[in-house]
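Take a look at the structure below.
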Amino acid sequence: MGLPLAGVRVLELSGGIAAALAGRLLRGYGADVRRIVAPTVAPLTDDQITACHAGKPVLPLPADRAGWEALLGAADIVVADRQPRQLAELGLDWDDVHRRYPGLVIVSATPFGLTGPYADWAGPNAVGFALGGLMSLTGDPGRTPLVTGGDQAEKLLGLNAFSVAITCWYGRRRHGRGELVDLSGQECAAGMTELYGPSSSVGGPIIPRLGNHTRAPWAIYPCLDGWVGVFCLARQIPGLFTMLNDPELAESRFTDPLQRSEPLNEEALTAKLYVHFMERTTAEIQAAGLALRVPVGVAVTPADLLSAPGLADRGAFEVRADGLRLPGAPFPGFGWRSADESAAVEELWSLRPPAAADAPAGRLPLEGIRVVDLSMMWAGPYATAQLGAMGADVIKVESPRAWDNIRTLVPQPGVADPWNSAYYFVAYNRDKRSLTLDLAQPDGVAMMKRLLASADVLLENYRADVLDKLGFTDEVLAEVNPSLVTISMAAFGKAGPDRNYVGFGPVIELMSGLASLSGYEHDEEPFKTGISYGDPVAGLAAVAASVLGLARRDDRRAEGAEPAGVHIDLAQRETGMALVPEAFVAANRGETPIHRGCRDARFVPQGVYRCADATDGWEQWLVVSVRTDAEWRSLCTLLGRDDLADLDVGERRARNDEIDAILATWLRPQRPQPAMERLQVAGVPAGRVHDSSSVHDDLQLLHRDYWVYLPQPKMIRHKQQGVHWRLADAAPRPRRAAPLFGEHNDEILAELGVGPDERARLAAIEVIAHAPVNPTVG
């Protein structure tokens, strides 16, 4: 079959990175993407244009309403990054367009959304991550919060735009109506603060920056020829200790989790890891990690990945006619169109017929789709949470003997059933039903097959070999349900030479080249973000893979193909690579990443500056990111330094240290919120660095009713992230809190035709249960 989006017409109205990346991904999977170049304050760099815009025909900016009508009436999807004031200057109003073209899918991807007091504020990358709550977690304690390299705030927004665009396009295929999606980059970030935001929301302390060292077995260390990270859960600690081969590690101060966390023991273990790794090469450490199933990652650059064995065989690269090699599909299985493959461009698209008059408005795009969720930790559950928000019936399956580790990773103390009150689990498992099945028992396997026969999607993020070892090979799945869409999310894929490596989000950051782009100025140490960033990024890609898989299944069914199902081998590393295509452009020239700290290659000054501390003594910071000479002049007026106003960008860069000192002195006595507002009103991009607590009181997020309260019987009332894919018609809101362990066993098994006596028998032999068997921490 052809590419899954072949024939889909996409109008890209872009000036920044977010819509450009979304357009690139849509085009790669077959869409006819045409780009309107809109006026922008900070045009893309040549490398960003090469990476994201190659192969997209450019259309002139329409001169009048009739010109817009000809394009909007012919498109299937619009992806735009214009803020409200910019839209008004173009004569556009997305609400009006949505009313007149109900079959059109409109995705607006802006820094702060289309409504609220910040809607027209400047939101370049550094400002976006600051206000989203992620920057406060990134970087070393004692140093400034660190700007993540590769413009990840804007890339994250672009990946969300891509995923929601095809989700709503698939919804239109099913229900006959389009949608208007209002994406906020701030909300995209605020909804993925891992366990840290949820922890503060339930009354925990503000989470400080932990740098590259969260704890001894979850940290990055120097070695003989580079940097390596080791990221172990409790079950992987024995393998790590075997790797170290130190008899002292058999002592209870290291083997007992509570004793190991005591400061002196933590310090001693850290010292042992430092010594061990500094005496070995990355290759030696990786080989030992592979043999012992220890999650180990090597900090690689995009240049390293261009020559890495196996990636090309997996189809991870797009090879252009000029020899340029860039990350291709973020997940394989559907083909990928190179930028060299340009479709014939008509003078104008022909108009599309309007949406059917009887097509119901307000239906969620995945309503009626059943997803079986075998995933654990964060990447898979993040994906299925998005699928649930879009209307899917998500059934989370856990074994009584092998439950989702998030349930017991950070248990609340002093409760009888902590697996039902873990804030980390609750944050990313809402809108799901819980079924427990022991897949090590034949009866559990039989029940799972009955469940899969009723499903549309199976999603799992086990190690590459686990699903097959459980007996659910491709052949078995095709026999059980010939139309099943299966998404496998192993860290390095199910095929290829790296398939057996174990990896969590930080390993993905290291091994995809993402971490190589971040670090303090004049410092070689690569930095991971303060969250397991590779996890939610992979989750967003898995949503897109699920939807494209469903569309491909439907097409095969319509053609009478058997089996019609699809199995997607999504490698999380490749999804991370897809978020830094411009870094691979530079790598093709032989360049290696430069660590700039909080400074920027184009925007001067850009920095993170200390403000007046909060009343409780907690540190407060503010980002300033000046993109243009006009913004610089406005800043000089506020600083009372008109003598500097005529400095051009080159002069500002030459005097960057001096300018930073002036800004630091000016901002130090000020509180961050009024300082941010004063700067933004003057036209200077600025954003306070929200911590894990203050983000819950952000004025923009409160105005947009982003935070929600979901009653959960085992937890106190607390703010949870809302649905950041805001659909104008369907208006999704969380429908149910995260489920208790096995909460829906009877309900789901009854739907499968399992009677009360049989359910009682399954419970008696612990195929199903309402509590983990022999629960432990981690």
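Coordinate-derived values only; no laboratory data. This one's a predicted model, so the numbers in the text were calculated from it and none came from an experiment. Don't worry about glycine lacking a Cβ; one is built from the backbone with ideal geometry, like all the others, and counts go over all protein chains shown.
R0 = 56 Å: FRET efficiency of residue 450 with residue 614, Cβ-based, nearest 0.05?
On the way: r = 55 Å, r/R0 = 0.98.
The pair residue 450/residue 614 has a calculated efficiency of 0.55.
Using the number of other C-beta atoms within 10 angstrom as an exposure proxy, rank 709, 29, 221 with the fewest first. Kindly include the intermediate steps, with their values, before the conclusion.
Working: 709 11, 29 22, 221 19.
Least to most surrounded, the residues fall as 709, 221, 29.
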Would you kindly derive the ³J(HN,Hα) couplings of the stretch 189-199 from the backbone phi angles with the Karplus curve 6.51 cos²θ - 1.76 cosθ + 1.60 (θ = phi - 60°), listing them in order in whole Hz, with x for Gly and Pro?
6, 5, x, 9, 8, 6, 8, 6, x, x, 4
Each residue of the stretch 733-746 in order: what ³J(HN,Hα) in whole Hz does its phi give by Karplus 6.51 cos²θ - 1.76 cosθ + 1.60, θ = phi - 60°, with x for Gly and Pro?
10, x, 9, 8, 6, 4, x, 5, 5, x, 4, 10, 3, 5
Kirkwood Rh over alpha-carbon pairs of the stretch 1-100, then Stokes-Einstein at 4 °C and 1.567 mPa s: what D in µm² s⁻¹, rounded to an integer?
93 µm²/s
Any idea how far apart residue 304 and residue 557 come out in nm if each label point goes 7 Å out from Cα toward Cβ?
4.5 nm
Compare the Cα positions of 693, 723, 680 along the charge dipole of the stretch 648-745 (+1 at Cβ of Lys, Arg; -1 at Cβ of Asp, Glu; about the Cα centre) and return the one farthest towards the positive end.
723
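Taking the convex hull of the Cα atoms, report for the stretch 412-523 its projected area averaged over all directions, in nm².
On the way: hull surface 45.2 nm².
The Cα convex hull of the stretch 412-523, projected and averaged over all directions, gives 11.3 nm².
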Taking other Cβ within 10 Å of each residue's Cβ, how do 162, 254 sort, fewest first?
254, 162
Hey, rough spin-label estimate for residue 367 and residue 705, points 7 angstrom out along Cα→Cβ, what's it come to in nanometres?
1.9 nm
If only Cα atoms are counted, what is the Rg of the stretch 706-778, and what is its Dmax, in Å?
17.1, 48
Alpha carbon convex hull of the chain, projected area averaged over orientations, nm²
32.6 nm²
Evaluate the relative contact order of the chain (contact order divided by residue number), counting alpha-carbon pairs under 8 angstrom at least 6 apart; express in whole percent.
18 percent
Antiparallel bridge percentage (DSSP; both residues within the chain; nearest 5):
40 percent
Under the Karplus relation 6.51 cos²θ - 1.76 cosθ + 1.60, θ = phi - 60°, what is the ordered set of whole-Hz ³J(HN,Hα) values for the stretch 17-29, x standing for Gly and Pro?
7, 4, 5, 5, 5, 4, x, 4, 5, 4, 5, x, 8
Peptides 643-655, 422-434: what's the order by average Cβ count within 10 Å, highest mean first?
422-434, 643-655
Picking from 270, 518, 453, whose Cα lies most toward the positive end of the charge dipole for the chain (charges on Cβ: Lys, Arg +1; Asp, Glu -1)?
453
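What does the charge add up to near residue 607, with Lys and Arg as +1, Asp and Glu as -1, over the other residues with Cβ less than 10 Å from its Cβ? Can you show the working numbers first?
Numbers: positive: 599; negative: 600, 660.
Residues close to residue 607 contribute a combined charge of -1.
With N denoting the number of residues in the stretch 606-689, provide Rg(C-alpha) divided by 2.2 N^0.38 Å, to two decimal places. Present the calculation step by step, with values, prior to reporting the outcome.
Numbers: Rg = 12.5 Å, N = 84, 2.2 N^0.38 = 11.8 Å.
Rounded to two decimals, the normalised Rg is 1.05.
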By counting other Cβ atoms within 10 Å of each Cβ, how are 447, 278 ranked from fewest to most?
278, 447
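Work through the residues other than residue 320 whose Cβ is under 12 Å from its Cβ and net out their charges, Lys, Arg +1 and Asp, Glu -1. Please list the in-between numbers first.
Numbers: positive: 325, 337; negative: 318, 322, 340, 341.
Around residue 320, the surrounding residues sum to -2.
If we count every other residue with Cβ under 15 angstrom of residue 561's Cβ, Lys/Arg +1 and Asp/Glu -1, where does the sum land? Working shown, then result.
Details: positive: 552, 553, 556, 557; negative: 554, 555, 559, 562.
Here the count lands on 0.
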